[in-house]
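In what follows, a single structure is set out as structure tokens and then discussed.
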Amino acid sequence: MLSKFARTLSVTALAAACVVGSAFAATTEEAELKAYLEKTYPNTPIAEVKHSPVPGIFQVTMGRTVAFADKSGRYLIFGPMFDMKEQVDLTAEARNNLSRAKWDSLPLDLAFKVVKGDGSRKFAVFTDPDCPFCKRFEQELMKLDNYTMHVFLSPIASLHPSAKEKAESVWCSKDRAQAWTAMMVEGVTPPVATCDNPLEKIERLSREIGVSGTPSLVRDDGTFKAGYMPVAAMDAWLNDSSAKR
């Protein structure tokens, strides 16, 4: 017969084993689902798979896209998931947390800087030399002051066949910022030039973080914004980051 102490110890040990077993199973489920999704969708970077607050449903991070999946990976749900009790958009929260984590890890050596005024407000832009909205955006920036813009050259060859050559020519210019501004604002294309350039690395980076169009902006607090913004909206967007800091 087990003593009372021994029985208590056995129950405690069993409970602990169950907790450890559950944690191990959860980790295994996440890893197995991630492996399945990577095999099934080889061209999609699966950054993370983890349990969501809903039992049996997993949160899947693909670049800046957040989806939800069942254990089998057969069913994927794209779109907002709400915690109605707490009135929280779980999808948006996950996406915002993801984007905020990206700024410090952005490889800014793949970009060049355009600095205006005191350069205090910082952001990055993924942009295409032949994108009409990118040109409008650059023209709006001429009315803005006190910013540092990190330019990631992101020509979309399927839409703009000449954009890659122009992007490379800008990168190979002696003064990249000047060549870029002259082309986008004044319509002066730099002389054709070739050199080692980061265009392929930027293309891979775009896929990894979920940039799907141009212009796409990342603020220095990691907040992501896709599409053209007029100067007033851009000014308010940058000031919002400064206010939060």
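The values are calculated or read from the model by the stated rules, or taken from the named source; none is laboratory data. If you're wondering where the values come from, they're calculated on a predicted model, not measured in any experiment. Methodologically, a virtual Cβ is constructed for each residue, glycine included, from the backbone with ideal geometry; neighbour enumeration extends over all protein chains shown. Just so you know, the surface numbers come from the protein's heavy atoms only, side chains and all, with ligands and any DNA or RNA stripped out. Shrake-Rupley method; radii C 1.70, N 1.55, O 1.52, S 1.80 Å.
A few points about this structure:
- Within the accessible surface of the stretch 113-228, defined with a 1.4 Å probe on protein heavy atoms only, the carbon and sulfur portion equals 49 percent.
- Estimated inter-spin distance, Asp104 and Met84, nm [label 7 Å along Cα→Cβ]: 3.8
- For the stretch 90-245, alpha-carbon Rg and Dmax in angstrom: 15.0, 49
- Computed from the alpha carbon atoms alone, the convex hull of the stretch 85-180 holds 149 Å³ per residue.
- Sequence of Lys116, Lys143 from largest to smallest accessible area, 1.4 Å probe: Lys143, Lys116
- Amide H contacts for Met81 (H built 1.01 Å from N in the peptide plane; partners 5 or more residues away or on another chain; cut-off under 5 Å): Leu90, Thr91, Ala92.
- Per residue, the stretch 46-123 exposes an accessible area of 57 Å² to a 1.4 Å probe, with every protein chain left in place.
- C-alpha center-to-center spacing [the stretch 42-112, the stretch 130-160] in angstrom: 27
- Prolate/oblate/rounded call for the stretch 106-149, Cα gyration tensor, a/c under 1.5 rounded: oblate
- Two-decimal Rg/Rh across the stretch 175-245, once Rg and the Kirkwood Rh are taken from alpha-carbon atoms: 1.03
- Relative contact order %, the stretch 194-245, counting alpha carbon pairs below 8 Å whose residues are six or more apart: 23
- Largest first and in whole Å, the equivalent-ellipsoid semi-axes of the stretch 38-131 read 33, 18, 11, each the square root of five times a Cα gyration tensor eigenvalue.
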